[in-house]
Amino acid sequence: MPRYYYRSPLGIVARWTMGTVALMLFLTGLEWVAVKVLPVILPFLFVGALVVIVFWAVNQLR
């Protein structure tokens, strides 16, 4: 195989386009998680953390 070989500009553009689309889909998914899912589960995470902290503190007193 030669060290330098011809690459079609169409392939390069297609790879960049697919990569950009994949990045945009990923960031859109992250935004959906941050806007829709996180506010719903945040109170449960907060209460769960408080339960764990209280449980740990009570066990430290013994």
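State in Å² the accessible area per residue of the chain; use a 1.4 Å probe, count heavy atoms of protein chains only, and round to the nearest integer.
Numbers: 6150 Å² over 62 residues.
Dividing the accessible area of the chain by its residue count gives 99 Å².
Let me know the Kirkwood hydrodynamic radius for the chain, please, with Cα pairs as the basis and the value in Å to one decimal. Please list the in-between numbers first.
On the way: mean 1/r = 0.0608 Å⁻¹.
Result for the chain stands at 16.4 Å.
Please report the carbon-and-sulfur percent of the accessible area for the chain; probe 1.4 Å, protein heavy atoms only, DNA, RNA and ligands left out.
Details: 4860 of 6150 Å².
Within the chain, the accessible surface is 79 percent carbon and sulfur.
DSSP loop chymotrypsin sites (Phe, Trp or Tyr not before Pro) in the chain with at most 11 other Cβ atoms within 10 Å of their Cβ, which ones? Don't skip to the answer; put the middle values down first.
Details: sites: Y4, Y5, Y6, W16, F26, W32, F44, F46, F55, W56; in loops: Y4, Y5, Y6.
Passing sites in the chain are Y4, Y5, Y6.
Gaussian network model of the chain, Cα springs within a sub-10 Å range: biggest mean-square fluctuation belongs to which of A34, A49, A22?
Of the options given, A49 has the highest mean-square fluctuation.
For a quick check, take a GNM of the chain with Cα springs below 10 Å and name the residue from V33, V13, V21 with the largest mean-square fluctuation.
V13
The values are calculated or read from the model by the stated rules, or taken from the named source; none is laboratory data. Just so it is clear, the model here is predicted, and its values are computed rather than measured. For neighbour counting, all protein chains shown are included, and Cβ atoms are generated from backbone atoms with ideal geometry for every residue, glycine included. Please note that ligands, DNA and RNA were not included when accessible areas were found on the heavy atoms of the full protein model with its side chains. Shrake-Rupley method; radii C 1.70, N 1.55, O 1.52, S 1.80 Å.
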